[in-house]
1. Indicate the gyration tensor shape class of the stretch 2-196 (rounded, prolate or oblate), computed on the Cα atoms with a ≥ b ≥ c the square roots of the eigenvalues: a/c under 1.5 is rounded; otherwise a/b larger than b/c is prolate and the rest oblate.
2. In nm, give the distance between the simple-model label positions of residue 22 and residue 134, each being 7 Å from the Cα along the Cα-to-Cβ direction.
3. Nearest 10 degrees is fine. How inclined is helix 62-75 to the longest principal axis of the chain, computing both from alpha carbons?
4. To the nearest 10 degrees, how steeply does helix 30-39 sit against the main Cα axis of the chain, on a 0 to 90 scale?
5. Take every Cα pair under 8 Å in the chain that's 6+ residues apart, average their separations, divide by the length, and report that relative contact order as a whole percent.
6. Going by average Cβ density within 10 Å per residue, which order do the peptides 78-91, 22-35, 172-185 take, highest to lowest?
7. Rounded, prolate or oblate: which one fits the stretch 98-149, using the alpha carbon gyration tensor with axes a ≥ b ≥ c (rounded when a/c is under 1.5, else prolate when a/b beats b/c, else oblate)?
8. What is the angle, in °, between the Cα long axis of helix 2-19 and the longest principal axis of the Cα atoms in the chain? Nearest 10 is fine, range 0 to 90.
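What follows draws every value from the coordinates through simple rules; no lab data is involved. Everything numeric here is computed off the predicted structure, so don't read it as measured data. Here Cβ is always computed from backbone atoms with ideal geometry, including for glycine, and neighbour counts include all displayed protein chains.
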C-alpha cells in the first residue's frame, strides 16, 4: 500500500509540473521554473523510486549517482543551455525528463541506506547547489536574458527580484531536502556507536 501511495504521489507531482496550468508559469517567472525543477528532482523522483520495486532501478556506483544529480542541476542552469530549453519545446521536455531521471539516480543510493556513505553523499551534494543558489541570489544582474525582455512583473516582482527569490528558494529547499535525510540517517549510526561503546565500557 505504501508503494502505491508513493508511486501515485510521484506521478501526480510529475503531472502537476508538466501538464497543469502551473506548467506555463515558468516562462513568466524564474521562481516558477526553479520550483518545477525542485518538484521533479526532490519530490517526484524519490516518490517514484520509493513506489517502484527495488529491481526496477538498479543502483549505479555512488560517484555516478552523485555526478548525475549535480551535473544535471548545473548544466541546465548554464545561460546558453537554459535559454535553449526556454525557447524550444523539445529541449524543455528533455530538460524536465533529465531532472526526473537524474533525481531517481541521485536518490537511489539513499533509499534503504544504512551506512555513513549516504549522509556524506547528501552533505557533499548540497555544496554545488548552494553555490549556484548563492550566485543567482546575490550576483546583482539578471543572468537569463528571456526574463529581462519577457518578464511581466507578476506578483510585483522585477526580473532581478524574481531571480533572487528563485536562488533563495533553491538554496533553502535543497539544503533541507538533503540535510534532513542526512541527519535522519546519521542518528541511528551515532546512537549505535554510543551503545556499542557503552557495552564495551560495561564489559
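1. Working: a/c = 2.17, a/b = 1.60, b/c = 1.35.
In terms of gyration-tensor shape, prolate.
2. 3.0
3. Around 20 degrees separate the two axes.
4. 30
5. Once normalised by length, the contact order is 26 percent.
6. Numbers: 78-91: 13.4, 22-35: 18.9, 172-185: 16.4.
Going from most to least packed, we get 22-35, 172-185, 78-91.
7. Cα axes put the stretch 98-149 in the oblate bin.
8. The angle comes out at about 20 degrees.
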